[in-house]
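Here the structure comes first, spelled out in structure tokens, and everything after it is commentary.
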Amino acid sequence: MLWRGFQKPKRLAVDNETLTDKYGKFSAQPFERGFGTTIGNALRRTLLSSIEGAAVTAVRIEGVLHEFQSITGVVEDATDIILNLKQIPFKLNGEGPKALYLRSDQAGVVTSGMIEADGDVEILDKNIYICTVSDGGKIDMEMRLKRGRGYVSADKNFDADLGLGFIPVDSVHSPVRKVNYLVEAARLGQITDYDKLTIEIWTNGTVLPADALGLSAKLLKDHMTIFINFEEEIEAGHESHDGAVIHNENLNRSVEELELSVRSYNCLKNANIATIGELIQKTEAEMLKTKNFGRKSLNEIKEILAQMGLSLGMKIDEHGNPQPGPTSVLPAATLAASFGHFDDDEDDEDDDDLVMPSETENF
């Protein structure tokens, strides 16, 4: 079954200027009206609750029988130390659980960088404060590191096999610290009644924001397939001589879907260019001869085509596939080519673009 005329998102952009190991800003469009909020809320809840991470689930401190007990020669009591351990970002590359050790009999500050672990465990921040050892004091700890999802209470972390002396602690496994999403109006050709979804993701560094977003989308998709009770109709493509169907859906898309400025779109319309397939067969020189079509409009079109792996001056072979022409320049295979990028706010040649109210979800 096909939903003809039902818009699905075709462009995903990442803000490369602000992208780090702990923060990412992503934008997808166009969505049908209302779907930006639906998808944004589902992704946010999944990101915060269902991405796996590693956390300390049990602690044994020499001379300590319960979490409220003070430790001779150490400034902090067991409760303060356990709270500090929860701030450490652990990355567990193998299967758990893993044993971690912390021993110090030297007076001074004890930090996360002093924890002993095997090669499967990475401590991403080695400067997190754990406790202070006084003169003549010492700290001798053993910890259990396990993989999990979301929040797990101390009762569920109890393991009788650990033996005496281990204190089960509640743990927060999620590597995603915060998620915001914003829904704005998006323009498709001359129609502004679509949604643009922007998602901001903060993590503790053990999972990249882009990976967390991909995992959450995959998890949602896997949960939805059980409700599909029909085979989807496949659109006809181009058939090769050996019977194989070859199809490039971008070529048949309308130029209205490129989200061009009003000036650029009107120039294409006046030149009777209706589809992307017709557009890529035009050379730069031919486009510049179009009335009111300038260098800025040319660069705008080249940039959008590059995000789809296309360029001006291409040829279409007998199977309907785009091929490089003598004047075409294909884009480099970079992150911007696969994800796109955010456009800086600049004064456009035209001021006819409509601005619609936006809906915001900030948490």
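Hey, what did the stretch 1-156 get for relative contact order, percent, Cα under 8 Å, at least 6 apart? If you can, show how the numbers build up before the last one.
Working: 268 pairs, mean separation 39.8, N = 156.
It rounds to 26 percent for the stretch 1-156.
Could you tell me which of the pairs Lys25/Lys156; Lys196/Lys218; Lys91/Lys126; Lys156/Lys218; Lys86/Lys178; Lys25/Lys221 are separated by over 24 angstrom between their Cα atoms in the structure shown? Violating the 24 Å limit, Cα to Cα: Lys25/Lys156; Lys156/Lys218.
Using packing as a proxy for protection, rank 101-107, 156-162 so that the peptide with the highest average count of other Cβ atoms within 10 Å comes first. Don't skip to the answer; put the middle values down first.
Numbers: 101-107: 14.9, 156-162: 12.7.
Averaged packing, sorted descending, gives the order 101-107, 156-162.
Calculated on the alpha-carbon coordinates, the convex hull of the stretch 29-132 measures out at 148 cubic angstrom per residue. The ellipsoid equivalent to the alpha-carbon distribution of the stretch 247-331 has semi-axes of 19, 14, 12 angstrom, derived from the gyration tensor eigenvalues as √(5λ) and listed largest first. Once the Cα-Cα distance is subtracted from the 0.36 nm per residue extended length, the Val109 to Arg33 segment shows a gain of 21.8 nm. Each part reduced to its alpha carbon centroid, the stretch 277-321 and the stretch 172-214 end up 30 Å apart. For the peptides 47-58, 217-228, residues were scored by their other Cβ atoms within 10 Å and the scores averaged per peptide; the highest-first order is 47-58, 217-228.
Taking Cα centre as origin and charging only the Cβ of basic (Lys, Arg, +1) and acidic (Asp, Glu, -1) residues, the dipole magnitude of the stretch 1-86 rounds to 1040 debye.
Here, each number is a calculation from the coordinates, and none is a lab measurement. Just so you know, these numbers come straight off a predicted model, no measurement behind them. Don't worry about glycine lacking a Cβ; one is built from the backbone with ideal geometry, like all the others, and counts go over all protein chains shown.
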